Amino acid sequence: MEELQKALNRQSDLVQVRDLRYASEEFFDQLKVGEEDKLKAYCAVVWTDRPLSQADMTRLNAMTDLNVCQKTPIRVLHRRSLLIRERKVLAMDCELLSEHLFRLNLITTAGTYVKEFVHGDFCRTVPHIGQLLHCRADILQLDVLGLATDREELTDLIRSHKDFS
């Protein structure tokens, strides 16, 4: 595994692999158990077409338990059924990086299309970050921080990730 990890990391400066290890069939079975009850934590870097303020970050950070309706995203329509999915953004923790960039930490219900939550996918996701900030927004980077059934566990994970960043 270590040799495979090194080989993969030599191939790109854009994507790096760490802690590569074998996963058993039981591990994947366990992932599927209670899939609808799972929560995910993400960290994204978001660009906006207008200058942002700390007030914008404060407004987003105050939003909790935000109900989001998402039509199947255009990018996955070829392999997923056209449905409207109701998901929830449980918490957002935003940090201004520059006038047009901010870090967005999220806790969502499993199955939330985060990229589309940022840019709206031609208003197929409502509400979305661009809509909430009254501007165009796009996602530049997205990392999955973790998966859990407990919101507090993910909140702690985001805190430790921010300390590390």
* Asked: Along the charge dipole of the chain, which of His134, Ala41, Leu52 sits closest to the positive end, that is, farthest toward it, with unit charges on the beta carbon of Lys, Arg, Asp and Glu (+1, +1, -1, -1)?
  -> His134
* **Shape category assigned to the range 1-55 from the gyration tensor of Cα positions, a/c cut at 1.5** => oblate
* Would you pull out the residues with amide H under 5 Å of Val17's amide H, same chain only if 5 or more places away, H placed 1.01 Å from N? => Asn9
* To do: Find the eigenvalues of the gyration tensor of the Cα atoms of the range 1-109, then list the square roots of 5 times those eigenvalues as equivalent ellipsoid semi-axes, largest first, in whole angstrom.
  => 30, 23, 15
* **Karplus (6.51, -1.76, 1.60) ³J(HN,Hα), θ = phi - 60°, over the range 38-50, in Hz, Gly and Pro reported as x** => 7, 10, 10, 10, 10, 10, 10, 10, 10, 9, 10, 8, 10
* Structure fact -> Length-normalised contact order of the range 36-164, Cα under 8 Å, at least 6 apart, in percent, tallies to 37 percent
* To do: Can you grab the distance from the C-alpha centre of the range 1-59 to the C-alpha centre of the range 133-165, Å, no decimals?
  => 10 Å
* Asked: Using θ = phi - 60° and the Karplus form 6.51 cos²θ - 1.76 cosθ + 1.60, what ³J(HN,Hα) does each residue of the range 128-138 get, whole Hz, x for Gly and Pro?
  -> 9, 4, x, 5, 5, 9, 6, 6, 7, 9, 9
* Structure fact -> By the Cα gyration tensor axes a ≥ b ≥ c (a/c under 1.5 gives rounded; else a/b larger than b/c gives prolate, otherwise oblate), the shape of the range 36-164 is oblate
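Every number here is computed from the coordinates shown, using simple stated rules; none is lab data. Everything numeric here is computed off the predicted structure, so don't read it as measured data. Note: ideal-geometry Cβ built from the backbone for every residue, glycine included; neighbour counts use all protein chains shown.
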